[in-house]
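So the structure is just underneath, and the comments pick up after that.
A short reminder: the numbers here are calculations on the coordinates, not readings from a lab. None of these values were measured; they are calculated from a predicted model. All Cβ positions, even for glycine, are placed from backbone atoms using ideal geometry, and neighbour counts span all protein chains on display.
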Amino acid sequence: MKTNEVLISGKHLTKVFGYGKHKTTAVDDVSFEFHKGEIISIVGESGSGKTTLAKMIMGLLKESSGSISYMGKPRQLKRHADRKKYWKHIQAIFQDPFSSFNQFYKVEKLLLDCIRLQGLKLSKEEQLQKMKEACSFVNLKYEELHNKYPFELSGGQMQRLMIARIFMLHPQLLIADEPTSMVDACSRSTILDMLLKLRDENGMTIIFITHDVGLAYYVSDTLYIMERGKVVESGPAEDVIIHPQHPYTRQLISDVPKVHEAWDLS
Amino acid sequence: MNHSVRILLKSPKFMLGAVLLLLMIGVVMIYPLINRNDPLEMIALAYQPPDSKLLLGSDNFGRDLFLELIYGIRTSLQVGLIAGVFATAIGLVIGLASGYIGGMIDNLLTAVTNIFIVIPSFVILILISVSIDSRSSFVTAAIIGITSWPWTARAVRAQTSSLRNRDHVNIAKISGYSTPRIIMYEILPYIASYVVMAFVLQMASGILAEASISMLGLGPYNTISLGIIMNWALVFEAPVAGAWWAFIPAALSIAVITFSLYMMNTGMDEIFNPKIRS
Amino acid sequence: MTLGKEQLRSRVSGREISYIPQAAMNALNPTLRIIRFIEDIMKEHRPELSRKQVWELAVERFETLNLSARVLESYPNELSGGMKQRTVIAISTILNPKVLIADEPTSALDVTSQKAVIKLLKHLLEKGYIQSLVFITHELPLLYHVTDDIMVMYAGEIVERGTAEQMIFDPIHPYTKKLMGSIIVPEEGMRGHKLAAIPGTPPNLKTVPEGCRFADRCTYAQSECRQGRIELQTFQDRSYRCIVPADTLREWYAHEDE
């Protein structure tokens, strides 16, 4: 559950791509504070800069200006060793499960790599035990999977394996970039439930990147609404969705079809 | 990986090329063990037509043309192989660096690659060949390789720069893997088939290039290659003497080798290129 | 009705039935202006029209659908994804087909463009340019606002059919029940509401299990569910594929919701 301890914060983050005439500002002066155990959704349409912001938090893109602090200290990413240390705390799940897997390696290798990444020295049985545990957490059977290649699995299964990976690595911060937009409605609820369980059991902070306001409302404590690189509204999920202040937020909510309210199609 | 090899074996085009090539390699490896004569030894009169003793007749020095042809094919294959290795290795390194690192380095390396594409490589080849005094077949092959890498580099760069943004590469990055490891395990497997195809193509064009410069008399010294056999035929006016056996078999051999390599290439293309496959 | 392939192409496709594939916005050849696609269709189906007449007809149609006539002169890559999708729909309905089959026409779009596409489809129905619409999707709230009837399919079979209202608020088949329970909308009361999840994966259609295809994942499955073929039952004005009577199922659901 959400605590008051700040895990990661950003001040005046800006990312500019290109130079001269072709300059585009993807993220424009964004500040945030994410707490330990909090679930945050960054909501925006394509081109709103939400993925760019996520990549900056992940440390895959360098910020043009502004700064990010992690656990109270300014984040250092200059040397590979620094990055490696930072990345021990942070993991990600991406939108497209098909491109998240290296199709040349069996499922087993993905899980074995997690054990190696943690620097654990385990016997064969202990390794097997750990992998089975991770698979059963996401309702998959290790026995049926370990010998398969990713392309032999369904999208939902692949995405659940990605969660099994997170389960094994238990990072402090998880960035989930549209993790359910390519799976069907039922797998979606399973995946969301698993992510919520991970938060409850490990006190993980989760950042959802999504265009789906409904999903963001359902899973998160805090919402950040982004439009053209800027955060236009942020706050507790309940406040933002039930009493939206900014016209863009209102429009976003009204564009989503609902079941109990009429949908204004005029 | 085994899977792709298995589908390859089912491709008639690839198999035709591979069988032709292997047959040729087999013959040129085994025949010199049976006929232990020196190919440069003069054993007959000039331009004797083929008969039961001299399978392909003799050249103007009275040397056994069939034996010469066997050694010639051997050298040509060697030259093609070495040129292919050089071109593929250079193209791969430059393409990977340019595609994976991106930014300024990409701009720079792409510019260099484009310059090499624009300058006719054959001219460079001739200029270098003329300026070097001692040309072994290895040096010639190396020169051919060094002038023909840009196409491989280009293809590798394009592939790499699109793979770089795939999510499994991002996951490998935030798992803290080093760049060489990511290139080795996350990028290379995806482009391996393209690289093998490019290698086969480079080998074929290397053989053609060697034949061309050898025919101009700029090829390697102290050896026999298919191009050199044709150069001799040309210099000593075999066509005028009506001695078709002095150059047709050599020309045909070049055609068969490159044909088999191109067949292998198209066979692989059909299998590895998902657009054509589906 | 049996028709040859050629007859099917010239008489039925486009005129009677039209189809919008999932990634329709990628279906436009990027080297041609939009008007050229319409000219192509007309050349095949109404060759008597001159280019000018085609142009006038296209402008008129586009304007009634709130699409600017400027779009007709654009190249596909000058249009945004949502705009391209609407353009494809406008083109594929230009012959006023009786039936339009739309396969996930909005799933690749963001919510604002999604709404615009839905508006366009409604418009087509209201103006009578199309008479019926088959909308294939996994986005249930969307379906609720677009269609009159909903038909749910599972593992290659129809498992339930009813009006949109009935299906969303009063599902009968256990699969439909779960499906409707997984709807997420930004409405009050959504938070804290437990989403329905279905354990397991759909059966491999190469080896379809005997009996009910959903039995392995169904909370209410009994041994009788795994025998023979389960036929579609009719119940009042709707139908469902389950051996348990509708009222019993409803009782179970009411019990579960408590």
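Just so you know, the Cα atoms of segment A:84-146 work out to an Rg and Dmax of 12.8, 34 Å.
Under 5 Å between amide hydrogens, built in the peptide plane, is the criterion, and for A:Ile8 it picks out A:Phe34, A:Met71 among residues at least 5 positions away or on other chains. Return a whole-number percent for the relative contact order of chain B, with Cα pairs under 8 Å and 6 or more residues apart as the contact set. Normalised by residue count, the contact order of chain B is 28 percent. Rounded to whole numbers, the Karplus 3J(HN,Hα) couplings from phi for segment B:110-121 are 5, 4, 4, 4, 5, 4, 5, 6, 6, 5, x, 5 Hz, using 6.51 cos²θ - 1.76 cosθ + 1.60 with θ = phi - 60°, and x at Gly and Pro. Peptide A:203-216 shows a mean partner chain C-beta count of 2 within 10 Å per residue C-beta.
The Cβ shell under 11 Å around A:Ala134 holds other residues with a net charge of +3, Lys and Arg each +1, Asp and Glu each -1.
Within chain C, antiparallel bridges make up roughly 50 percent of the DSSP beta bridges whose residues both belong there. Cα convex hull, segment C:5-137: 105 Å³ per residue, rounded to a whole number.
Residues whose amide H falls under 5 Å from that of C:Val134, counting only those 5 or more places apart or on a different chain, are C:Leu100, C:Ile101, C:Ala102, with hydrogens built in the peptide plane. A simple rule links phi to the HN-Hα coupling: the Karplus curve 6.51 cos²θ - 1.76 cosθ + 1.60 with θ = phi - 60°, which for segment C:163-173 gives 6, 4, 4, 4, 5, 6, 9, 9, x, 9, 5 Hz, with x for Gly and Pro. Backbone amide hydrogens, once placed in the peptide plane, bring A:Phe208 within less than 5 Å of A:Ile40, A:Ser41, A:Ile42, A:Ala176, excluding anything fewer than 5 places away on its chain. Working from label points 7 Å from Cα in the Cα-to-Cβ sense, the B:Ala89 to A:Thr3 distance is 5.5 nm. As a proxy for reagent exposure, B:Thr140, A:Thr3 were ordered by neighbouring Cβ count within 10 angstrom, fewest first; the result is A:Thr3, B:Thr140. Calculated on the alpha-carbon coordinates, the convex hull of chain C measures out at 175 cubic angstrom per residue.
Per-residue mean of foreign Cβ neighbours for C:115-121 is 2 (Cβ atoms of other chains, 10 Å radius).
Taking one quarter of the surface of the C-alpha convex hull of chain B gives a mean projected area of 17.7 nm².
Near B:Thr113: Cβ cut-off under 15 Å, other residues only, Lys/Arg at +1 and Asp/Glu at -1. The net charge is +1. Highest GNM mean-square fluctuation among B:Ile73, B:Ile191, B:Ile144, for chain B modelled with Cα contacts below 10 Å: B:Ile191.
Quick one: net charge around A:Lys11, please, counting Lys, Arg +1 and Asp, Glu -1 for every other residue with C-beta under 11 Å from its C-beta. If you can, show how the numbers build up before the last one.
Numbers: positive: none; negative: A:Asp29, A:Glu33, A:Glu63.
Charge balance in the 11 Å sphere: -3.
Packing around the peptides A:224-232, C:146-154, taken as the average count of other Cβ atoms within 10 Å per residue, puts them in this order, highest first: A:224-232, C:146-154. The calculated 222 nm mean residue ellipticity attributable to helices in the protein assembly as shown amounts to -15500 deg cm²/dmol, summing -39500 (n - 2.57) over DSSP H runs of n ≥ 4 and dividing by all residues.
The simple spin-label model puts a point 7 Å past each Cα toward its Cβ; for A:Lys132 and C:Thr248 those points are separated by 3.8 nm. Comparing B:Asp167, B:Asp64, B:Asp38 in a Gaussian network model of chain B (Cα springs below 10 Å), the most mobile by mean-square fluctuation is B:Asp167.
Alpha carbon centre of segment A:136-161 versus segment A:218-236: separation in Å? Taking the Cα centre of each part, segment A:136-161 and segment A:218-236 sit 33 Å apart. With both residues required to sit in segment A:6-254, DSSP beta bridges show an antiparallel share near 55%.
Give the calculated FRET efficiency between B:Asn35 and A:Gln118 to the nearest 0.05, with a Förster radius of 45 Å applied to their Cβ-Cβ distance. List each step's numbers first, then the result.
Details: r = 65 Å, r/R0 = 1.44.
Using R0 = 45 Å, I get an efficiency of 0.10.
What the pair-distance distribution of segment A:149-263 shows, using all Cα-Cα distances binned every 10 Å from zero, is 12, 40, 32, 14, 1 percent.
Just for the protein assembly as shown, what percent of DSSP beta bridges are antiparallel, to the closest 5?
Numbers: 34 of 62 bridges.
Beta bridges within the protein assembly as shown, antiparallel portion: roughly 55 percent.
Listed values for segment A:247-254 are Karplus-derived 3J(HN,Hα) couplings in whole Hz (6.51 cos²θ - 1.76 cosθ + 1.60, θ = phi - 60°), namely x, 5, 4, 4, 5, 4, 5, 6, and x replaces Gly and Pro.
Above 13 Å, the calculated P(r) of segment B:182-240 contains 68 percent of its Cα-Cα pairs.
Sorting the Cα pairs of segment C:123-258 by distance into bins of 10 Å, from 0 upward, gives 10, 39, 34, 13, 3, 0 percent per bin.
Under the criterion of Cα pairs below 8 Å and six or more residues apart, the relative contact order for segment A:1-132 equals 22 percent.
For chain A, divide the Cα radius of gyration by the Kirkwood radius and give the resulting Rg/Rh value with two decimals. So for chain A, dividing Rg by the Kirkwood Rh gives 0.98.
For a quick check: sort C:Glu139, A:Glu238 by the number of other beta carbons within 10 angstrom, fewest at the front. Could you put the intermediate results ahead of the total?
Numbers: C:Glu139 18, A:Glu238 13.
Result, fewest neighbours first: A:Glu238, C:Glu139.
Dividing the mean sequence gap of close Cα pairs (under 8 Å, 6+ apart) by how many residues segment B:28-179 holds gives a relative contact order of 24 percent. Mean-square fluctuation check for chain A, GNM, Cα pairs under 10 Å: which of A:Tyr70, A:Tyr19, A:Tyr217 is largest? For chain A, modelled as a Gaussian network with Cα springs under 10 Å, the answer is A:Tyr19.
Ordering C:Tyr175, B:Tyr185, B:Tyr100 by the number of other Cβ atoms within 10 Å of each residue's own Cβ, fewest first, gives B:Tyr185, B:Tyr100, C:Tyr175. Over the protein assembly as shown, the pair-distance histogram of Cα-Cα distances with 20 Å bins from zero comes to 12, 34, 32, 16, 5, 0 percent, rounded to whole numbers. Taking every residue in C:138-149 and counting other chain Cβ atoms within 10 Å of its Cβ, the average works out to 3.
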